[in-house]
1. If a residue must be crowded, with 22+ Cβ neighbours inside 10 Å and of a type in the set (D, E, K, R), how many such residues does region 217-234 contain?
2. Could you count how many residues in region 113-136 are assigned to a loop (DSSP other than H, G, I, E, B) and surrounded by 15 or more Cβ atoms within 10 Å (Cβ to Cβ)?
3. Is it the case that I302 is touching an Asp or Glu at 6+ places or on another chain (Cβ under 7 Å) and either over 24 Å from P165 (Cα atoms) or buried (at least 20 other Cβ atoms within 10 Å of the Cβ) (or both)?
4. Which is hydrophobic (A, V, I, L, M, F, W, C), out of contact with any helix residue (DSSP H, G or I) (no Cβ under 9 Å at 6 or more places or on another chain) and surrounded by 14 or more Cβ atoms within 10 Å (Cβ to Cβ), of A286, A272?
5. Any chance region 195-212 includes a residue that's small (G, A, S), out of contact with any His (no Cβ under 9 Å at 6 or more places or on another chain) and at pLDDT below 95?
6. Of these, A293, A337, which one is in contact with a helix residue (DSSP H, G or I) (Cβ under 9 Å, 6 or more places away or on another chain), at pLDDT 95 or above and surrounded by fewer than 16 Cβ atoms within 10 Å (Cβ to Cβ)?
7. Which of the residues spanning region 29-66 are in a loop (DSSP other than H, G, I, E, B) and modelled with pLDDT under 95?
8. Step by step: first the residues of region 92-110, then only those that are in a loop (DSSP other than H, G, I, E, B) and in contact (Cβ under 8 Å) with a residue 24 or more places away in the chain, then the one that is farthest from K68 (Cα to Cα). Which residue is that?
Amino acid sequence: MRTHIKAQCTALAVLAFAAASAQAAETLNVVTFGGAYEAAAKKAYFEPFTHATGVNFSLESYDGGLAKLSAMEQAKNTTWDLMDLESNDAIRACDEGLLKKFDKKSLGNTGDFIPGSISDCAVASMVWSTVYAYDASKLKTAPSTINDFFDLQKFPGKRGLRKSPKGSMEWALIADGVDPKDVYKVLVTPAGVDRAFKKLDTIKKDIVWWESGAQAPQLLADGAVVMTQAYNGRIDDASKKDNKPFKIVWDAQVYDYEWWAIPTGAKHADAAAKFIVSASQPKAYADLSKYIAYAPPRKDAIPLVDKQRLADLPTAPDNFKRAIQINPTFWADNADAINKRFQVWLTQ
């Protein structure tokens, strides 16, 4: 009964905001990772909120990071009202006072959220994964493990990798024999970092670097690489919507949450907070999974997802056997040092 009352209160709050917004006609400036994910978010999150409240959205794409947000906050001229953040950036931005604290009570009943999907400053928008993919029409033998990604003799040809150490360092250690559950125990040591770079050295001459998520499936489509690291949703989108013969290898997938957060200097913070509440409802999460293969971060959304679609998500049992969760605290604490070494390594 209490849960039902809380749900009613949350719905009434959104409706009350809708009435006020119909008169105000605000526009929220939102920065996202663009591409297929942004297109899915428009259908699942943005358009329903505009329809209900009259609030519009101005969308900007970026590749992550906190440099621009930090500069805007320091200049006291923040133009973003809502941000799409990776976990380590959400932690750092919150710790550095770049994000507003989020009122968790506004979400109503939070018991169905997956543990860790609500933080002091942010709410998870979905569960996504870094995987690798290949063009099935161009390989006679299908790769099946992360070791195959690093095996240039068995699978000669170029490899696509995101121009970032995050994800690749974890893969390098697993391919070098580290148990997935022990990756961060090893990576937190100087010897572990050395070991990861040494393994990356074995394929370095054949790496084609990408920076935006849309580039990974394009590299496969162009034949520029034999296989590539990619976001699972981007590959699924290209396979189904563009009818590409791309296959995902789920072994050693590195999964993470994506987060909604509000910059401290946001000019439309109240509307942004109401949007987060709206986008965190079970139906909204399930709708996102319909448009792109990212998983809901709350359990009561799962029954609303088509059963066939569930098999495409990172959280599907068959896909999750050797999955590891990104350790956002590790990357929040060590990203600067490892990124500096990574940039030097790129030039060597």
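1. 1
2. Step one: filter region 113-136 for residues assigned to a loop (DSSP other than H, G, I, E, B), giving 114-117, 119-121, 136.
Imposing the further condition that a residue be surrounded by 15 or more Cβ atoms within 10 Å (Cβ to Cβ) reduces the set to 114, 117, 119, 121.
Adding up the residues that qualify gives 4.
3. Considered against the rule, which asks whether it is touching an Asp or Glu at 6+ places or on another chain (Cβ under 7 Å) and either over 24 Å from P165 (Cα atoms) or buried (at least 20 other Cβ atoms within 10 Å of the Cβ) (or both), I302 comes out as no.
4. After applying the criteria, what remains is A272.
5. Here is the first cut: in region 195-212, the residues small (G, A, S) are 196, 212.
Filter once more, keeping what is out of contact with any His (no Cβ under 9 Å at 6 or more places or on another chain): 196, 212.
Still in the list and also at pLDDT below 95: 212.
Within region 195-212 (the criterion being small (G, A, S), out of contact with any His (no Cβ under 9 Å at 6 or more places or on another chain) and at pLDDT below 95), the answer is yes, since at least one residue qualifies.
6. Details: A293 fails: surrounded by fewer than 16 Cβ atoms within 10 Å (Cβ to Cβ).
Within the list A293, A337, the selection yields A337.
7. Within region 29-66, F33, G34, Y62, D63, G64, G65 meet the criteria.
8. So in region 92-110, the residues in a loop (DSSP other than H, G, I, E, B) come out as 96-98, 100-103, 108-110.
Of the ones still in play, those that are also in contact (Cβ under 8 Å) with a residue 24 or more places away in the chain are 96-98, 100, 102-103, 108-109.
Details: E96: 14, G97: 14, L98: 11, K100: 17, F102: 21, D103: 25, G108: 33, N109: 34 Å.
My answer is N109.
The values are calculated or read from the model by the stated rules, or taken from the named source; none is laboratory data. Computed from a predicted structure; not experimentally measured. Cβ: placed from backbone, ideal geometry, glycine included. Neighbour counts: every protein chain shown.
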